[in-house]
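*Asks:* Okay, handing you the structure first.
Laboratory data are not the source of any read-out in this text; all were calculated from the coordinates shown. These numbers come from a predicted model, not from an experiment. Here the Cβ positions follow ideal geometry from the backbone for every residue, glycine too, while neighbour counts run over all protein chains shown.
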Amino acid sequence: MSARPLLEAVGLAQRYVLPRRLFAPEAVVHAVAEASFTLEPGRTLAVVGESGCGKSTLARMVTMIEPPSGGRLLIDGADVAGADAATLKRLRGEVQIVFQDPYGSLNPRQTIGDALAEPLAINRPQTSRAERREAAAEMMRRVGLRPEYADRYPHMFSGGQRQRIAIARALMLRPRILVLDEPVSALDLSVRAQVLNLLIALQEEFGLAYLFISHDLSVVRHMADAVMVMYLGRVVEQAPREKLFAAPLHPYTRALLSATPVADPERPRARARLKGELPSPLAPPPGCAFNPRCPLAIAKCRVDRPALEWRGETRVACWVA
Amino acid sequence: MPLLEIEELSVDFKTSAGPFRAVDGVSLAVEAGEIAAVVGESGSGKSVAMLAVMGLLPWSATVSAKRLAFDGKDLLGIAPRQRRRIVGRDLAMIFQEPMTSLNPCFTVGWQIGEALAVHLGLSKAERRARTLELLHAVGIPAPERRLAAFPHQLSGGMSQRVMIAMALACRPKLIIADEPTTALDVTIQAQILDLLVRLRDETGTALVLITHDMGVVAETAERVAVHYAGQKVEEQDVRSLFRDPHHPYTAALLAALPERATGRMLPSIAGTVPGAFDRPPGCLFEPRCRFATARCRDKAPPRQGAIAGFALCHYPLAEGRPVGHPDPDAGRERAA
């Protein structure tokens, strides 16, 4: 445990108002509600959940692409909401993001040398072109790409190499926080390990704090120090990694763990399959949002929403657990 | 006699840069009622090989094989009209993207009923009854209401259930499922995999599962073929494959899984899968293999016997050690 968190989120929330149809009532989606967490240097917080759980919305708020509609976001002790333009610009340099699809996140008409130099050209205009090229070459070497490739275009690289390029670009401004939005989901198995190793090495070298968004629990188990499980926009369980995998408390966490296929044919299969599907985020069920699919649901779950409460080192939002 | 027989199947594509061999001498036999998996990364030719079986490749592809037969019927020289009697009836396929595989212009009930009308000649009332039965079997709640639904009104998991219902419509003998759960969330993936295994248990339909996910393989398949760069490099039953892989590629893939990691750093495989222009002359895995010798570089590897998992390798592994290798401990320190 380190002294001061790099980033602190308190009750972070995001709501989207959907375009109103004629005579229809206004529709509001609570994409994220009451998310509180901290990021510390050299540590990884994983966010786990299925589609629609709000993990990508969370990434957009943390990277300041979208201002939150509620709650507070403190980066390095400075509140993002009240910050002036200059502070905001500095803070944006501290938080960078790597997206899932390395095919979609690089401009096909820009050489990768230019792609890497661009963040510097915008944020550090006092640097010379030669300095920027040198910095780009240095970063390429650091992520395991040959600097001679600087004049090549993205289509000349494989998926794994493109993800290295995306990571290199995110690190050009020397951020202290990196948001990784499904960074290895689009990669082949044999390349996935290379990129995960690179992320571990970079974290140790630069003391980066990672917000690691993933649906793959075996990757999360390998990478994370702490895990936050989300369901329909709300955090349902938040725990240190060992605690979460050894003794999951929330029935949804348990269901996720049991549904994740394990690469061991000898393991006896614990079948605790979830019934049904995610409800629409437009009309979440009353009470606990998980109650229609929950095997343990009691009458109270259908009426009152449980708050996130401490149970030892774990925080869980459940009446039964 | 196996239900599906594939012997030395090759598929070449005409490209502007010359012919490209996507599938290179692949063999596979699937017995009735069996669940076989074909595992490989992108570019391993696993999907193309199965599309060749279905006869779904574009005109730019040339299919050749020593034998390609389903249920005793030769599929190579078959007339298109004859093939259409088999495909969709005894041999069905499920694709990766349920959202794009369904026709957006027709209702779910109509699309399932189409196969019933074409292959079985059922009447309207019979089709409706059978469609309801199928939707019920694949676990769609309130099937009566879903008959009139259009694909955009369904979630991904529901669409995949509809695809499975379509594949099952004529009680096929074999279903080929190409990454059936890759686009789905894990809790839905578990439901769909359970459904496929249950349907096999109940109806005896054989299943070929194409996937890249070792977890899905371990939990679902009985026998596994591992593909690399268009070739089958190993084939074993699922337990022995995970216990004692015989091809260095399989061994390296399994070692790279985070759940098998012993340290913080994962043992990764250097480099990438060879493409059309950088195919090595000898063994295709040689540039990435930690046991590679000059022989691997120059000479295409032989097919080993059943005891070595039919590994396509000069020095197949036994308990992690390369058999017949001049220096069996060569790859050790690089792996450590």
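*Asks:* Kindly provide the pair-distance distribution of the stretch A:262-321 built from C-alpha pairs, with 5 Å bins from 0 and whole-percent values in order of increasing distance.
*Replies:* Computed distribution, short to long bins: 4, 16, 20, 18, 17, 13, 9, 5, 0.
*Asks:* Let me ask you something else. Post the alpha-carbon centroid distance, the stretch B:263-315 to the stretch A:208-283, in whole angstrom.
*Replies:* Between the Cα centres of the stretch B:263-315 and the stretch A:208-283 lies a distance of 36 Å.
*Asks:* Taking a cut-off of 28 Å between Cα atoms, list the lysines near residue B:232, but don't count ones fewer than 8 places away on the same chain.
*Replies:* B:14, B:46, B:66, B:73, B:173, B:299
*Asks:* Within the stretch A:255-321, report the trypsin sites (Lys or Arg not before Pro) that DSSP leaves as loop and that have at most 14 other Cβ atoms within 10 Å.
*Replies:* A:269, A:271, A:273, A:275
*Asks:* What whole-number volume per residue, in cubic angstrom, does the convex hull of the C-alpha atoms of the stretch A:8-126 give?
*Replies:* Convex hull of Cα atoms, per residue: 181 Å³.
*Asks:* How far is the Cα center of the stretch B:204-260 from the Cα center of the stretch B:113-131, in Å?
*Replies:* That distance is 38 Å.
*Asks:* I would also like to ask the following. Loop only per DSSP, at most 15 neighbouring Cβ atoms within 10 Å: give me the GluC sites (Glu not before Pro) in the stretch A:226-267, ordered by residue number.
*Replies:* Filter output for the stretch A:226-267: A:266.
*Asks:* In the stretch B:237-336, what chymotrypsin sites (Phe, Trp or Tyr not before Pro) fall in a loop by DSSP, with at most 13 other Cβ atoms inside 10 Å?
*Replies:* On the way: sites: B:242, B:249, B:277, B:285, B:291, B:310; in loops: B:277, B:285, B:291, B:310.
Passing both the DSSP loop test and the Cβ count: B:277.
*Asks:* While we're on this one: Please check which bits of the stretch B:34-68 a label hung off residue A:185 would reach, taking the label as a point 7 Å along Cα-to-C-beta and the cut-off as backbone N under 16 Å.
*Replies:* None, by backbone N distance to the label point.
*Asks:* Could you work out how far apart the two model spin labels at residue A:121 and residue A:302 are, taking each label as a point 7 Å from the Cα in the direction of the beta carbon, and quote it in nm?
*Replies:* According to this spin-label approximation, the distance is 6.1 nm.
*Asks:* Further question on the same structure: What is the distance, in nm, between label points placed 7 Å from the Cα along the Cα-to-Cβ direction at residue B:148 and at residue B:15?
*Replies:* The two pseudo-label positions are separated by 5.0 nm.
*Asks:* Sticking with this one: Please state the relative contact order of chain B as a whole percent: Cα pairs under 8 Å, 6+ residues apart?
*Replies:* Value for chain B: 19 percent.
*Asks:* For A:62, A:219, what ranking results if the residue with the fewest other Cβ atoms within 10 Å of its Cβ goes first? Kindly include the intermediate steps, with their values, before the conclusion.
*Replies:* Values: A:62 26, A:219 22.
Ascending Cβ contact count within 10 Å gives the list A:219, A:62.
*Asks:* Using the Cβ atoms and a cut-off under 12 Å, what net charge is assigned to the surroundings of residue B:116, where Lys and Arg are +1 and Asp and Glu are -1?
*Replies:* +3
*Asks:* Taking every eigenvalue of the Cα gyration tensor of the stretch A:183-321, multiplying by 5 and rooting it, what semi-axes result, largest first, whole Å? Each step should come with its number before you reach the end.
*Replies:* Numbers: eigenvalues 173, 65, 43 Å².
In descending order the semi-axes read 29, 18, 15 Å.
*Asks:* Can I ask one more? What's the longest bit of chain B with no exposed trypsin sites (Lys or Arg not before Pro), using DSSP loop states and at most 14 other Cβ atoms within 10 Å as the test?
*Replies:* By the stated rule (loop sites, at most 14 other Cβ atoms within 10 Å), B:67-263.
*Asks:* Also, I was wondering about something else. What shape does the protein assembly as shown have by the C-alpha gyration tensor, where a ≥ b ≥ c are the square roots of the eigenvalues, rounded means a/c under 1.5, and otherwise prolate means a/b greater than b/c and oblate the rest?
*Replies:* Working: a/c = 1.73, a/b = 1.17, b/c = 1.48.
Here the protein assembly as shown falls in the oblate category.
*Asks:* Would you tell me the mean number of C-beta atoms belonging to other protein chains that fall within 10 Å of each C-beta in A:181-190, as a whole number?
*Replies:* Per-residue shielding by partner chains comes out at 4.
*Asks:* May I ask you to derive the FRET efficiency for residue B:237 and residue B:56 from their Cβ-Cβ distance with R0 = 35 Å, giving the value to the nearest 0.05?
*Replies:* The calculated FRET efficiency here is 0.75.
*Asks:* Enter the mean number of other protein chain beta carbons within 10 Å of the beta carbon of each residue in B:266-277, as an integer.
*Replies:* 4
*Asks:* Net charge around residue B:85, counting only other residues with Cβ within less than 14 Å of its Cβ (Lys, Arg = +1; Asp, Glu = -1)?
*Replies:* With Lys, Arg at +1 and Asp, Glu at -1, the neighbours total +3.
*Asks:* Go ahead and run the numbers for FRET between residue A:225 and residue B:76, Cβ-Cβ distance against an R0 of 41 Å, rounding to 0.05.
*Replies:* The calculated FRET efficiency here is 0.15.
*Asks:* Across the stretch B:251-335, how large is the tail of the calculated P(r) beyond 22 Å, expressed as a percent of all Cα pairs?
*Replies:* 29 percent
*Asks:* Could you tell me the calculated FRET efficiency between residue B:262 and residue B:323, based on Cβ-Cβ distance and R0 = 22 angstrom, to the nearest 0.05?
*Replies:* 0.35
*Asks:* Ratio of the stretch B:1-153's C-alpha Rg to 2.2 N^0.38 Å, to two decimals?
*Replies:* On the way: Rg = 18.1 Å, N = 153, 2.2 N^0.38 = 14.9 Å.
Cα Rg divided by the expected 2.2 N^0.38 Å: 1.22.
*Asks:* Using a 10 Å cut-off on Cβ to Cβ distances, tally the other chain neighbours for every residue of B:207-220 and report the average as a whole number. Present the calculation step by step, with values, prior to reporting the outcome.
*Replies:* Numbers: counts 0, 0, 0, 0, 1, 2, 4, 7, 8, 2, 3, 8, 8, 2.
Mean inter-chain Cβ contacts per residue within 10 Å come to 3.
*Asks:* With a 10 Å radius around each residue's Cβ, average the other Cβ atoms per peptide and rank B:29-35, A:20-26, highest first.
*Replies:* Working: B:29-35: 17.7, A:20-26: 7.6.
In decreasing order of mean packing, B:29-35, A:20-26 become B:29-35, A:20-26.
*Asks:* Find, to one decimal place in angstroms, the Kirkwood hydrodynamic radius of chain B, where the mean of 1/r is taken over every pair of different Cα atoms and then inverted.
*Replies:* 21.3 Å
*Asks:* Note down, for the stretch B:208-299, the three equivalent ellipsoid semi-axes (square root of 5 times each alpha carbon gyration tensor eigenvalue), biggest first, whole angstrom.
*Replies:* The three semi-axes for the stretch B:208-299 are 23, 17, 12 Å.
*Asks:* In square nanometres and to one decimal, what's the mean projected area of the convex hull around the Cα atoms of chain A? Each step should come with its number before you reach the end.
*Replies:* On the way: hull surface 78.1 nm².
Averaged projected hull area, Cα only: 19.5 nm².
*Asks:* To continue, here is another question. So how many Å³ per residue does the convex hull of the Cα atoms of the stretch B:207-257 work out to?
*Replies:* It is 78 Å³ per residue.
*Asks:* What distance in nm lies between label points placed 7 Å from Cα along the C-beta direction at residue A:128 and residue A:204?
*Replies:* My value for the distance between the label points is 3.7 nm.
*Asks:* For n ≥ 4 DSSP H runs only, could you compute -39500 (n - 2.57) per run for chain B, divide by its residues and tell me the 222 nm figure to the nearest 500?
*Replies:* Helix contribution divided over all residues of chain B: -8500 deg cm²/dmol.
*Asks:* Suppose only helical runs count, i.e. DSSP H with n ≥ 4. What mean residue ellipticity at 222 nm does that imply for chain A under -39500 (n - 2.57) per run, divided by all residues and rounded to the nearest 500 deg cm²/dmol?
*Replies:* -9000 deg cm²/dmol
*Asks:* Let me ask something additional. Sort B:105, B:170, B:289 so the one with the fewest other Cβ atoms within 10 Å of its own Cβ comes first.
*Replies:* Values: B:105 9, B:170 19, B:289 25.
Arranged by neighbour count, lowest to highest, B:105, B:170, B:289 become B:105, B:170, B:289.
*Asks:* Taking every pair of distinct Cα atoms and averaging 1/r, then inverting, what Kirkwood hydrodynamic radius in Å comes out for the stretch B:126-196? Write out the running numbers ahead of the final one.
*Replies:* Details: mean 1/r = 0.0792 Å⁻¹.
Over the stretch B:126-196, the inverse of the mean reciprocal pair distance is 12.6 Å.
*Asks:* Run the Debye formula on the Cα coordinates of the stretch A:168-259, all scatterers equal and no solvent, and tell me log10 I(q)/I(0) at q = 0.20 1/Å.
*Replies:* Results for the stretch A:168-259 at q = 0.20 Å⁻¹ read -1.05.
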